[in-house]
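Below: the structure, in structure tokens.
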Amino acid sequence: MKSKILLSSVYTLEEDPWERRQMKPYPPLGILYISSSLKENGLQNDDIRMFDATFNPGLNAFLKMLETFKPDLVGITTNTITENKTLKFIKTIKDVLDIPIVVGGPGPTMNSKSFLDAGVNCVVLSEGEETAVEVFNHYLGKNEMKISDIAGITYKFNNQTIITHSRPLITHLDSIPFPDRTLLNISEYSEVWKKHHKIFYSSIITARGCPYSCTWCARDLSFGRKYRYRSVDNVIDEIIELKDKYKVDALRFVDDILTVHRKRSMALFSSMIERDVRIPFECLTRVDRVDSELLTVMKKAGLQLIYYGVESGSQRILNAMNKQIRVSDIYKSSKIMKKLKLMQSWFLMLGYPPETVKDIKKTLKILRELNPDKFGISIAYPLPKTKFFQDLVDNNMLLINQNQWDQSLDNKLLFTSEYSNQFYKWAIRGLYLNYYTSRFHTKHKNILSKILDTGAYLCTVKSLEFLSRLSGPKLSNHIDGDELDELPVDPMPIQC
């Protein structure tokens with residue numbers, strides 16, 4: 001019997017202040033991978049549809065689809081920030097239909113309890129492609145597996161939470177079919193991009209797993225630490241499909257660190273050149289995982305912009321985060337990028353303990369000196385199940401409960417800090433002010449621009465010093481400060 005399956009994303013462009021300003025929507029690859037895996041493994045004749053929340057704000061559109069489609073099962077992917085909205089989706093389903101509900105993604109993997117308490121039948125943990133096939137077939141009566149025999153899930157039985165044995169990570173990523181982009185209204189994405197940027201970008205992921213262990217990062221909960229990558233030919237074939245079938249003009253590689261494996265990276269971008277599938281692209285990587293030769297090849301393949309997780313200009317804060325990079329790596333990579341005329345965008349983080357005004361000044365200094373093409377700042381965000389989160393819990397420093405994670409969208413302090421929320425709001429404004437005045441001075445190089453730039457710097461520094469005295473300290477730091485300058489930054493062995 002033909003089953004009706006509704007897959008749903010939850011993220012809405014309109015409800016994300018930052019992305020609403022950027023207007024750079026990307027499809028939810030996770031749920032598209034689930035769909036292609038379902039179709040590849042026995043559900044190809046079923047009616048699988050998708051509610052793409054990206055352009056459909058509010059619950060009314062979702063409710064309308066439930067009432068018209070009347071699915072036999074709903075699968076939802078979500079993250080921590082969209083948890084509250086997902087719980088509303090779940091309630092909406094339960095109000096109108098008595099059907100199985102399955103959720104997965106980073107959020108449920110980190111905090112399955114909220115979703116089980118809300119009445120979902122099952123939470124898929126970590127990688128979902130293989131697990132979802134077994135779970136969906138079970139609930140649709142298409143296999144004889146007991147729910148307790150399915151690896152990598154959690155569910156409730158007789159009011160008891162059951163966690164089954166963990167599922168091994170998928171080692172051969174080429175076995176996973178390309179994301180099922182047929183579920184998308186691709187023209188919606190194309191129209192927004194072309195309206196605001198005159199070019200249509202889409203996304204692709206070529207590897208999974210991050211061998212690093214930054215204290216605030218939770219990516220290992222989804223994909224583990226072992227670095228696994230698709231073959232060069234497999235990636236090239238998807239790029240060709242994106243260009244030919246979906247008329248994509250440019251790509252964003254959404255790998256956490258695209259250039260972890262240098263030899264493989266060289267092979268991929270050399271193949272793009274040799275097979276004439278050059279395409280403008282941007283990516284994310286680390287400042288210590290690039291060099292002049294690699295970046296030159298990447299530029300020939302179409303590289304335009306790299307997003308770097310710089311985080312801080314203070315070595316002791318980088319060490320506290322276990323970033324495993326040196327400040328000198330930031331200077332070195334920036335110099336190469338400028339020489340090759342490649343754009344760079346930095347992610348910066350304020351408020352990570354034991355940050356002081358002295359550390360923020362170092363971040364201000366490196367931002368002014370290296371002047372990246374773009375940058376963004378966030379206040380340190382304690383994701384559940386990370387070391388950072390656990391440190392805050394152990395020291396009774398967390399200020400929110402499990403249902404308030406969406407507050408991070410407002411760049412609020414979510415934990416007890418040396419300084420106030422207002423202090424960090426001013427620090428963020430100060431960094432942006434100095435960024436723009438230093439760029440203005442670099443461009444014009446006259447007395448007026450010099451006065452403006454110097455004034456912005458002195459105003460920011462003096463204001464931070466004043467506000468720091470006004471606002472704290474409120475609490476002794478749970479990490480003891482200066483000795484972090486002396487922590488070694490050892491070369492990171494990469495497990496592939």
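A few notes on this one:
- Leu433 paired with Leu458, simple spin-label distance in nm, labels 7 Å along Cα-to-beta-carbon: 1.3 nm
- With a Förster radius of 41 Å applied to the beta-carbon distance between Asp174 and Lys443, the computed FRET efficiency rounds to 0.30.
- Gyration tensor (alpha-carbon) shape descriptor, region 57-183, a/c threshold 1.5: rounded
- Sorting Ser420, Ser328, Ser202 by the number of Cβ atoms found within 10 Å of their own Cβ, with the fewest placed first, yields Ser328, Ser420, Ser202.
- For the chain, a crude dipole built from +1 on the beta carbon of Lys and Arg and -1 on the beta carbon of Asp and Glu, taken about the Cα centre, is about 1720 debye to the nearest 20.
- Net lengthening on full extension, Gln304/Asp98 (0.36 nm per residue, minus Cα-Cα): 69.2 nm
- Dividing the mean sequence gap of close Cα pairs (under 8 Å, 6+ apart) by how many residues region 194-253 holds gives a relative contact order of 48 percent.
- The order of Val74, Val248, going from fewest to most other C-beta atoms within 10 Å of their C-beta, is Val248, Val74.
- Karplus-derived 3J(HN,Hα), 6.51/-1.76/1.60, for each residue of region 223-233, Hz, glycine and proline x: 10, x, 9, 5, 7, 10, 9, 6, 5, 4, 4
- Between Asp394 and Ser420, the modelled labels are 3.1 nm apart [label points 7 Å from Cα along Cα→Cβ].
- Computed magnitude of the charge dipole of region 4-163 (debye, nearest 20; Cβ of K, R +1, Cβ of D, E -1): 400 debye
- Amide H within-cut-off set for Arg167, under 5 Å, with H built and near neighbours excluded: Gly152
- Simple spin-label estimate for Ser328 and Asp244 gives 4.9 nm between the two label positions (7 Å along the Cα-to-Cβ direction from each Cα).
- Of Val74, Ile93, Leu7, farthest towards positive along the dipole that unit charges on Lys, Arg, Asp, Glu beta carbons give region 4-163: Ile93
- Counting every other Cβ atom within 10 Å of each residue's Cβ, Ile447, Ile5, Ile240 order from fewest to most as Ile447, Ile240, Ile5.
- Computed FRET value (nearest 0.05) for Asp117 with Asp47, which takes r as the C-beta separation and R₀ as 30 Å: 0.50
- On Cα atoms only, tilt of 292-301 relative to the major axis of the chain in degrees: 50 degrees
- Dipole orientation for the chain: of the candidates Tyr352, Asn434, Ser190, Asn434 has the Cα lying most toward the positive pole (charges on Cβ; Lys, Arg +1; Asp, Glu -1).
Values in this text are rule-based calculations from the coordinates and carry no lab data. Computed from a predicted structure; not experimentally measured. Heads up, the Cβs are rebuilt from the backbone with ideal geometry, glycines too, and the neighbour counts pull from every protein chain shown.
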